[in-house]
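The values are calculated or read from the model by the stated rules, or taken from the named source; none is laboratory data. This structure is a prediction, so every number in the text was calculated from the model and none was measured. Using ideal geometry, Cβ is built from the backbone for each residue, glycine included, and neighbour counts are taken over all protein chains shown.
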Ligand code: PMP
């Protein structure tokens with residue numbers, strides 16, 4: 001349409017016709033997505049969820065949620081700064097900070113809003129953000145919303161990150177990374193990134209969503225394992241929905257960082273507080289993790305078994321650095337068919353296709369859990385192998 005033309009009047013029932021054209025384009029590219037409700041109980045072997053420690057259905061955790069809902073109500077009733085903070089939120093923040101080794105923590109309604117809130121509050125027009133290009137979508141959205149100048153660097157390219165930091169035009173800079181990348185489960189080089197930040201006067205923000213509860217001493221996370229917990233220039237985010245089997249997110253950092261977030265972070269201030277039941281569940285799950293420090297090791301042992309067996313079966317499996325193991329699929333359509341066949345054969349696996357995979361390579365994404373037995377893992381690998389489309393295995 002040229003500038004002089006007026007937009008045509010369209011009948012109301014046609015205003016959204018463009019959605020159908022877009023849906024057709026996605027279907028042609030094999031990118032249709034459908035919701036598949038999960039039954040409450042199932043004999044299916046679940047290697048798709050992120051309940052790494054198997055705590056989502058643990059009676060201590062679910063029971064704490066139920067009791068909190070009865071005591072405090074189903075919802076938090078308001079934003080955290082108005083009526084949405086309870087003693088459960090305060091206790092959870094205290095315990096998370098203490099466990100992970102930071103001065104303070106702030107609980108958000110999800111990991112997504114925690115990331116949005118942290119990145120936007122800690123950067124702005126007058127600062128630079130340097131990121132790995134494979135960071136989680138919530139961090140990417142935070143970077144975009146922040147209005148900072150953004151340099152998205154090739155995956156784990158520390159030299160390029162240093163270069164971007166050295167050549168930036170602003171004093172303030174924030175390096176943003178996942179600790180464990182969510183698609184392939186590989187690790188960011190946190191010590192090198194921290195050294196780069198220090199050399200160039202930048203802060204480091206690490207999303208430890210997939211490291212917390214799985215890596216580090218007793219599951220304290222990848223930031224703790226890298227010796228960066230509690231450092232004044234480091235901020236960590238987590239979700240409460242993976243290892244803790246609950247719901248919600250948190251930002252951990254120094255007291256002044258957390259105070260700044262309380263006073264300025266829009267996804268904190270303008271969002272209804274986390275439901276008390278979720279805060280109670282996360283607190284109970286943290287208690288379980290503290291009392292059963294062997295749980296993270298079980299996750300890693302299962303991930304290793306899973307990756308080794310998939311590799312032995314001839315698939316391109318990622319390294320089992322944490323709970324996530326992915327297997328490359330020849331095409332998006334193959335990934336969908338493969339995952340559907342696995343489900344028909346009693347094993348639920350994740351299916352990642354563009355745009356959820358930054359490099360455009362579709363994958364099955366399998367997650368190891370502490371409560372899987374060795375024979376569960378063996379069964380899962382047999383089913384994945386038997387359900388594979390032609391060309392999926394390399395040998
Ligand atoms: N960060 C990463 C790396 C994630 O994988 C996820 C969840 N997929 C999130 C953040 C968002 O967390 P939540 O699901 O709690 O919003």
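Look through 190, 165 and report the one residue that is within 16 Å of the ligand (Cβ to nearest atom), modelled with pLDDT of 95 or more and more than 26 Å from residue 48 (Cβ to Cβ).
190
Restricting to segment 364-395, and then to whatever is modelled with pLDDT under 95 and within 13 Å of residue 329 (Cβ to Cβ), can you tell me which residue is surrounded by the fewest Cβ atoms within 10 Å (Cβ to Cβ)?
Of everything passing the filter in segment 364-395, 390 is surrounded by the fewest Cβ atoms within 10 Å (Cβ to Cβ).
So which pairs qualify, if the first residue must be in segment 383-395 and under 17 Å from residue 345 (Cα atoms), the second must be part of a loop (DSSP other than H, G, I, E, B), the Cβ gap must be under 7 Å, and the two must be at least 6 apart or on different chains?
Listed by first residue and then by second, the contacts come to 383/345; 383/346; 385/313; 386/345; 387/345; 389/330.
Report, by residue number, each residue of segment 162-176 that is surrounded by fewer than 21 Cβ atoms within 10 Å (Cβ to Cβ) and part of a strand (DSSP E or B).
The one that is surrounded by fewer than 21 Cβ atoms within 10 Å (Cβ to Cβ) and part of a strand (DSSP E or B): 172.
So how many residues does segment 116-142 have that are crowded, with 24+ Cβ neighbours inside 10 Å, farther than 17 Å from residue 356 by Cα and touching a strand residue (DSSP E or B) at 6+ places or on another chain (Cβ under 8 Å)?
Of the residues in that region, 7 qualify.
So, in segment 106-136, how many residues would count as being touching a residue at least 60 places away in the same chain (Cβ under 8 Å) and either within 19 Å of residue 179 (Cβ to Cβ) or near the ligand (Cβ under 10 Å from one of its atoms) (or both)?
Of the residues in segment 106-136, 19 are touching a residue at least 60 places away in the same chain (Cβ under 8 Å) and either within 19 Å of residue 179 (Cβ to Cβ) or near the ligand (Cβ under 10 Å from one of its atoms) (or both).
Tally the residues that are closer than 17 Å to residue 55 by Cβ and either within 12 Å of the ligand (Cβ to nearest atom) or surrounded by fewer than 23 Cβ atoms within 10 Å (Cβ to Cβ) (or both), restricting the search to segment 209-219.
Qualifying residue count, segment 209-219: 5.
Would you confirm whether or not segment 63-73 contains a residue that is closer than 19 Å to residue 268 by Cβ, assigned to a loop (DSSP other than H, G, I, E, B) and more than 24 Å from the chain's Cα centre (by Cα)?
No, segment 63-73 has no match at all.
Within segment 140-149, identify whether any single residue is in contact with a helix residue (DSSP H, G or I) (Cβ under 7 Å, 6 or more places away or on another chain) and either at positive phi or touching a residue at least 40 places away in the same chain (Cβ under 8 Å) (or both), and answer yes or no.
No - not one qualifying residue is present in segment 140-149.
Looking at segment 353-370 only, could you name the residues that are farther than 17 Å from residue 321 by Cβ and assigned to a strand (DSSP E or B)?
Of everything in segment 353-370, just one residue is farther than 17 Å from residue 321 by Cβ and assigned to a strand (DSSP E or B), namely 364.
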